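Just so you know, all these numbers are worked out from the coordinates, no wet-lab data involved. This is a predicted model, so every value here is computed, not measured. So basically every Cβ, Gly included, is an ideal-geometry build from the backbone, and we count neighbours across all protein chains shown.
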Amino acid sequence: MPILLLVTVFVIATCGLVYELVAGALASYLLGDSVTQFSTVIGVYLFAMGVGSYLSQFVKHQVLSVFIRIELLIGLVGGCSAASMFLLFEVVSSFRVLLYGEVLLIGTLVGLEIPLLMRILRDRYTFDELIARVFTFDYIGALLASLLFPLVLVPYLGLMQTGFLFGAINVAVGVGVVLVFWRQLPRPRSLLWLGLVCFAVLLTGLALSERLLDWSERQAYAEPVVLARSTPYQRIVLTQSGARVRLFLNGNLQFSSDDEYRYHEALVHPGLAALPQAQRVLVLGGGDGMAVREVLRYPGVREVVLVDLDSAMTGLFHHNRLLADLNGGALGSPRVRVVNADAYQWLRTTDARFDFVVCDFPDPSNFSLGKLYSTAFYRQLRRVLAPGGRLVVQSTSPFVAPKSFWCVVATLQSAGLRTLPYHVHVPSFGEWGFVVAGTDSVDLPRQLPDGLRFLSLATLPGYFDFPPDMAPVPVSVNRLNNQALVHYFEREWAAYSR
Amino acid sequence: MGRLQPVISRRELLKGLLAVGAGAIGTALGVQWWPRQRPIEAQLKGPSADRGHRLRTGESFPPPTRTRSVAVAIVGGGVAGLSAGWWLQRQGLTDLEILELEPEVGGNSRSGRNAVSAYPLGAHYLPLPNPDNAPLLTLLAELGVITVYDGVHPPVYREEYLCHEPDERLYRNGIWQSGLVPRLGLTAAEKEQFARFFGFVESLRHTRGNDGKYVFGIPLDSSSTDPQYRAYDSISFGQWLTDQGYTAPALLWYLEYCCRDDYGATLADTSAWAGLHYHASRRAQAANADPDTVLTWPQGNGWLIERLEERLSGYLSPNQLVHSVAQTAGGVELLCLDCITQETVRILAQAAIVAVPLSVACRICTNYPAGAPRQVRQTPWFVANVTISRAPQGAGEPLAWDNVSYHSPSLGYVVATHQTLGQYAGPTVLTYYLPLTEQPPTTVRAWAQAQPLAYWQARVLTDLEQIHPGIGQTVTAFEGWLWGHGMVSPTPGYIWGPERQVLIRHTGSIQFAHTDCSGISIFEEGFAQGLRAAQHVMRYANPA
């Protein structure tokens, strides 16, 4: 029986240190500055243990029973600490109050453990034996925890799961003590039930960790998340507040239903409205179907091919009622053919020719995306243009990233295309740029489709004027072998968001 | 007080510590084994050493059962042999046969392929050729690598084949930096030495000797004969660097990296002429690329081999062990063992190009020129193609095509899917290069050939774990390739010594073509040797 209690010391020491490390690591993750976080968490934790030790003197009776209750409580509070901090991070106004509150509580409870245990054991050992044994096992447990935590627990299990697992182990120890000391405990049955309930709660938490993490991520968005899905290519998150729907891909805003019409009207019509004979249109990227919706305003267009990498994206915007309403059911139109393929790969293999091509790719924020803005890519685009055909490229903000914007223009020109750059104001994005290009000279449309909410023939010419703060700058051409655009883009947006 | 006793016995303490250890190991193993992965598909391969080594044992081959004739026989289907064949068929000489020992042609430029990607087994890139290397520019134009080439303006290269940005990164002191030249964390003295060295080679690059030729040309036989510069060949690069006061560890690391990369040799084993040639011989021009850009493909130079193979498909005979090449009154007689049927055929040719390593050429040629090299220093290489389920990243610069660790004895790895167009984040193949330069080639070769697959797998993965912790978890396949005789190393005196000149100046209907004949094993040299030999044998070959 003494052996069991020493094993208990060992386990609770391990668990105690794990809680401390979880809190320290979490604070580093969420607040940054790991030296400060670890230092303050450890300090508060040790102080709280002192408080617990002090408080232990007020436990006068039923020490064993109190010890077991404390074990169960530590298991529950410590076990849920990581999960509660993750989940409440976005909700609470001051995360530090929560953090140090939990650390204080756990530390106090852990501080109670050893003194109580020593009092339980005091009749079984001499005083010097007792001190030596208890602290030996205490420190060995701490060593195990400090090794397991960085080497095994964090990399293979994750913080939230580690918390739940060690909470469950802590509770299991309490339950074990109940069973062994059954006869010496008053009302052991109720203690046992209490222990089993705690155990079940922690195991449920462990099983649901993945989902809890998912839920906590949703709190990162300002508005209620109505849909979140991970695909092999991206994380799609949709938020809704009243009538406003916003789409985020990998955390980046793609559109807000408030003003997306400005972006999509500006993307499609200046180019397409100038081609009254256009029959076949290709949309690359733009799986949300909004650009397709604008293209379908032209009765002369007989076929629209939408090439988007992510079938989950086009599937959602075709079948989800809320989303299909946003694009007017564009993806269900008999004139539309959806191809789920890599735009570059698909383009290299197609023999089809198009009168108008829309490039609605994400901004060139990495080297993979940068390839979709290269001379090599634009030469492929040129190949699929029917005689007299045009293309349009969404080309980031000429205000925030003028070099990036004019680099797209220069790259299109280098691929042998004539260009006509323009810009509009989209409140969600700010000043946004586009480039129409074609093998022949590119001119403005003389008419626009009916029913537009933003573009008008009267305001159109102004969009092709670039004021001095967005005027052309000398830039390199973006090639696969220099990725000049990604370098510009990184620098300009980093400077802007600093 | 009773007698003093240790309150915890040593045994108890040990038990406690043992419990901790067992607990830690048990948990670690449990976690490792629980989400059990599919076992790694591993294999160890290499060129057919048993076939080639039959020449060494002096065994007698079966007598010829049949005889056939051909205008030009080319022994060896590496870059030199294929280039010779390409040139000959371009000149209209189509009565030719290329006899290759291996099941596949390509030599050091061979490549492999699995479900994830094609990948190189050896040579993996070609730098943009110098403007005066017209034959190579012509080949590249023919293959569509150059789209516009008029011989006057800088050529326009097909952008897809130019190595995409980011091309190189270096892992040093915990962070990836761009490029292979160490730049971060250098002392002022180190920076000064880098600047001095690069300034020196930059001026050498544009220096011409007393004969008006560039000091360092490609192919190297186009270099100036000026004795002032050829003298560099008489000392080692390491010695030259010491003499010039270059001591910065980062600079010496970089220069040794370059020597091991191109020559499979350390600074001490590389001639100073060759060491400088690496840095001062490139003067490429391109309309749409920087001069230091390289051409690459998923399968490395295997792509060039495949294109040459397409053009020569009717002339290739794989699995042929040529064990005798003899000058006869009417031309050349070759005895050739078919490794599949074990039948020897006599081939009567008007001329022959022996495009094999010189250590083989001197065994099979009965009239091997007196004074020509017989023992060429050939470093063994180990190349591993490691298939992983997702590309590794690391702190600092993002994954590049060529990824090198300052702290590793390897040359790092190239990413086979780097040239993929479009959005690609799936599994990939890393080609890991390890020239075995720690001991003399003969010693290390015997040792390397005795090592089992498990040794190489552990060595490569342990090394990769140093720069990408956890990468082992993502490995799905491992293909090791041991090049027993990897490539020629230009030891001091080899390039401009008398032995090599015997082969270059050799006349007659048997010609030798191999990078061993240059002393530098790069595509351009193999190509140039092949063309030199082809041009020479043309005068002996009269297609009837």
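Structural remarks
- Folded to 0 to 90 degrees: helix A:188-218 orientation relative to chain A principal axis, Cα: 20 degrees
- Helical runs assigned H by DSSP (4 residues or longer) give chain A a calculated mean residue ellipticity at 222 nm of -17500 deg cm²/dmol, each run adding -39500 (n - 2.57) before division by the residue total.
- A simple spin-label model places pseudo-atoms 7 Å from Cα toward Cβ; at B:Thr225 and A:Asp443 they are separated by 6.8 nm.
- Taking the fewest neighbouring Cβ atoms within 10 Å as the starting point, the ordered list for A:Lys371, A:Lys60, B:Lys191 is A:Lys60, B:Lys191, A:Lys371.
- Order of B:His323, B:His124 - criterion: other Cβ atoms within 10 Å of each residue's Cβ, fewest first: B:His323, B:His124
- The gain in end-to-end length when the A:Gln277 to A:Ala494 segment is fully stretched comes to 73.9 nm, 0.36 nm per residue minus the alpha carbon separation.
- On the basis of the beta-carbon distance and an R0 of 35 Å, A:Leu31 and A:Arg383 show a calculated FRET efficiency of 0.10.
- Under-5 Å amide H pairs with B:Val294, H placed in peptide plane, nonlocal only: B:Cys163
- Each of B:His514, B:His506 was scored by other Cβ atoms within 10 Å of its Cβ. Arranged with the fewest first, they read B:His506, B:His514.
- When the Cα positions of A:Tyr261, A:Gln483, A:Phe127 are compared along the charge dipole of chain A, A:Phe127 comes out farthest toward the positive end, with charges on each C-beta of Lys, Arg, Asp and Glu.
- Pair-distance profile P(r), taking every C-alpha pair of region A:158-250, with 10 angstrom steps and integer %: 15, 29, 20, 17, 12, 7, 1
- Taking a ≥ b ≥ c as the square roots of the eigenvalues of the Cα gyration tensor, the protein assembly as shown is classed as oblate, since a/c reaches at least 1.5 and a/b does not exceed b/c.
- Projected label distance in nm at A:Asp469 and B:Arg505, using a 7 Å step from Cα toward the beta-carbon: 7.6 nm
- Note that region A:380-397 has calculated 3J(HN,Hα) couplings of 5, 4, 4, 4, 8, 6, 5, x, x, x, 9, 9, 9, 10, 6, 9, 6, 8 Hz, one per residue in order, obtained from phi through the Karplus relation 6.51 cos²θ - 1.76 cosθ + 1.60 (θ = phi - 60°); glycine and proline are x.
- Cα pair distances in region B:268-324, grouped into 5 Å bins until the bin that holds the longest one, percent each: 4, 12, 11, 12, 15, 15, 13, 14, 4, 1
- A:Arg235/A:Arg119 FRET efficiency (R0 60 Å; Cβ-Cβ; nearest 0.05): 0.70
- Positive-end ranking of B:Thr187, B:Trp87, B:Leu461 along the dipole of the protein assembly as shown, with charges on Cβ about the Cα centre, is headed by B:Leu461.
- Between A:Leu179 and A:Asn252, the contour length at 0.36 nm per residue exceeds the alpha carbon distance by 20.8 nm.
- Using C-alpha pairs below 8 Å separated by at least 6 residues, the relative contact order for chain B is 24 percent.
- Our estimate of slack between B:Thr94 and B:Thr443, defined as 0.36 nm per intervening residue step minus the Cα-Cα distance, is 121.3 nm.
- Note: relative contact order over region B:335-431, using C-alpha pairs below 8 Å and six or more positions apart, is 22 percent.
- Karplus-based coupling profile of region A:471-482, in residue order and whole Hz: 5, x, 10, x, 9, 7, 7, 7, 10, 4, 8, 10, with θ = phi - 60° in 6.51 cos²θ - 1.76 cosθ + 1.60 and x standing for Gly or Pro.
- Amide H to amide H, with H built 1.01 Å from N, B:Ile74 comes under 5 Å of B:Glu97, B:Ile98, B:Leu99, B:Ile353, counting only residues 5 or more places away or on other chains.
- Using θ = phi - 60° in the Karplus curve 6.51 cos²θ - 1.76 cosθ + 1.60, the 3J(HN,Hα) couplings for region A:233-242 round to 9, 6, 9, 9, 10, 10, 10, 9, 9, x Hz; x is entered for Gly and Pro.
- In this Cβ point-charge picture (+1 for Lys and Arg, -1 for Asp and Glu), chain B has a dipole of about 1300 debye about its Cα centre.
- Each Lys and Arg adds +1 at its Cβ and each Asp and Glu adds -1 at its Cβ; summed about the Cα centre, region A:97-188 shows a dipole of about 320 debye.
- When shorter helices are ignored and each DSSP H run of at least 4 residues is given -39500 (n - 2.57), the per-residue value for chain B at 222 nm works out to -9500 deg cm²/dmol.
- Inverse of mean 1/r across different Cα pairs in region A:416-498, Kirkwood, Å: 15.4 Å
- Across every pair of non-identical alpha carbons in region A:50-94, the mean reciprocal distance, once inverted, gives a Kirkwood radius of 12.7 Å.
- Debye, to nearest 20: dipole size of the protein assembly as shown, +1 on Lys, Arg Cβ, -1 on Asp, Glu Cβ: 1840 debye
- Amide H within-cut-off set for A:Leu253, under 5 Å, with H built and near neighbours excluded: none
- Signed unit charges on C-beta, dipole axis of chain A, positive-most listed residue A:Ser404, A:Ser368, A:Leu98: A:Ser368
- Membrane-span-like helices in chain B, defined here as complete DSSP H runs extending at least 15 Å along the helix axis by their C-alpha atoms with mean Kyte-Doolittle hydropathy no lower than -0.5, are B:10-33, B:79-90, B:188-205, B:249-263, B:453-467, B:523-537; this is a sequence and geometry rule, not a statement about a membrane.
- Unit Cα scatterers, Debye sum, region A:98-200: log10 I(q)/I(0) for q = 0.12 Å⁻¹: -0.55
- Restricting region A:264-347 to GluC sites (Glu not before Pro) that sit in a DSSP loop and have at most 15 other Cβ atoms within 10 Å of their own Cβ leaves nothing.
- Mean separation of Cα contacts under 8 Å (6+ apart) over length of chain A, as relative contact order %: 12 percent
- Spin-label pair A:Glu223/A:His61, simplified geometry with 7 Å Cα→Cβ offset, distance in nm: 6.1 nm
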